[in-house]
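Below is one structure, written out as structure tokens, with a few remarks after it.
The values are calculated or read from the model by the stated rules, or taken from the named source; none is laboratory data. What you see is a predicted model; the values in this text were computed from it and never measured. Cβ: placed from backbone, ideal geometry, glycine included. Neighbour counts: every protein chain shown.
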Amino acid sequence: MKNFDKEQVSNEFFMAFTGAGSYVSETCGFCGRVHFVNRDSEGGNYEEGHYEDLLARMEREPEKYVMHTDAISYGYLAGVLFIPECPCNGGTRYEKFIINHASQIADFMQAMAERKQKEADEAKENAGKTQMLGSS
Ligand SMILES: [Zn+2]
């Protein structure tokens, strides 16, 4: 794992919000940069000509392509493909939101848990009534 600068997400955020890895290529949903794995290090499973095409494109537009020497870790944030190692740091605003609103999020999660528990208790109670009606 790389050392992250201040604008990148923390290692903890990285671990919590990425659950997949690619040994070929993925496109950052925040900025459109194409991340791909160096075939000579870890990459594999490229269709014929794909890797050469990526290298040629990177030559023309180096800012749009990011070569990885290891698998590309990725996940989704609000439905957008998130690559923690992308220079756009697309996940940082989400981490900052969570940290800056940790107390509100905790209150919200607590309230949701209480509501779900109440609904489960009511469902259990209603199931008991139905059973009593059925058995009489
Ligand atoms: Zn990006």
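For segment 14-28, enumerate the residues that are among the polar types (S, T, N, Q) and surrounded by fewer than 18 Cβ atoms within 10 Å (Cβ to Cβ).
Restricting attention to segment 14-28, the residues satisfying the condition of being among the polar types (S, T, N, Q) are 18, 22, 25, 27.
Passing the criteria: Ser22, Thr27.
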* Structure fact -> Restricting attention to segment 16-36, the residues that are closer than 8 Å to Ile72 by Cβ and within 16 Å of the ligand (Cβ to nearest atom) number exactly 5
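Inspect segment 61-84 for any residue being among the acidic types (Asp, Glu) and at pLDDT below 95 and give the result as yes or no.
The initial filter retains those residues of segment 61-84 that are among the acidic types (Asp, Glu), namely 61, 63, 70.
Next, from what is left, pick out any that are at pLDDT below 95: 70.
Yes.
Is it the case that Gly21 is in contact with a Phe, Trp or Tyr (Cβ under 9 Å, 6 or more places away or on another chain) and part of a loop (DSSP other than H, G, I, E, B)? Explain how you work it out, then say what you get.
Working: in contact with a Phe, Trp or Tyr (Cβ under 9 Å, 6 or more places away or on another chain): yes; part of a loop (DSSP other than H, G, I, E, B): no.
In short, no.
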* To do: Would you please list the contacts, defined by Cβ atoms under 7 Å and residues six or more apart or on different chains, that run from a residue in segment 84-103 that is at positive phi to a residue that is within 13 Å of the ligand (Cβ to nearest atom)?
  => Asn89/Glu7; Asn89/Gln8
* **Close pairs (8 angstrom Cβ cut-off, 6 or more residues apart or separate chains): touching a residue at least 40 places away in the same chain (Cβ under 8 Å) in segment 58-76, acidic (Asp, Glu) anywhere** => Ala71/Glu42; Ile72/Glu26; Ile72/Glu85; Ser73/Glu85; Tyr74/Glu26
* Within segment 79-92, how many residues are over 12 Å from Gln8 (Cβ atoms) and surrounded by fewer than 15 Cβ atoms within 10 Å (Cβ to Cβ)? -> 2
* To do: Could you check how many residues of segment 47-65 are closer than 29 Å to Ala78 by Cα and of a type in the set (Phe, Trp, Tyr)?
  => 1
* Of all residues in segment 1-51, which are of a type in the set (Asp, Glu) and at pLDDT 95 or above? -> Glu12, Glu26
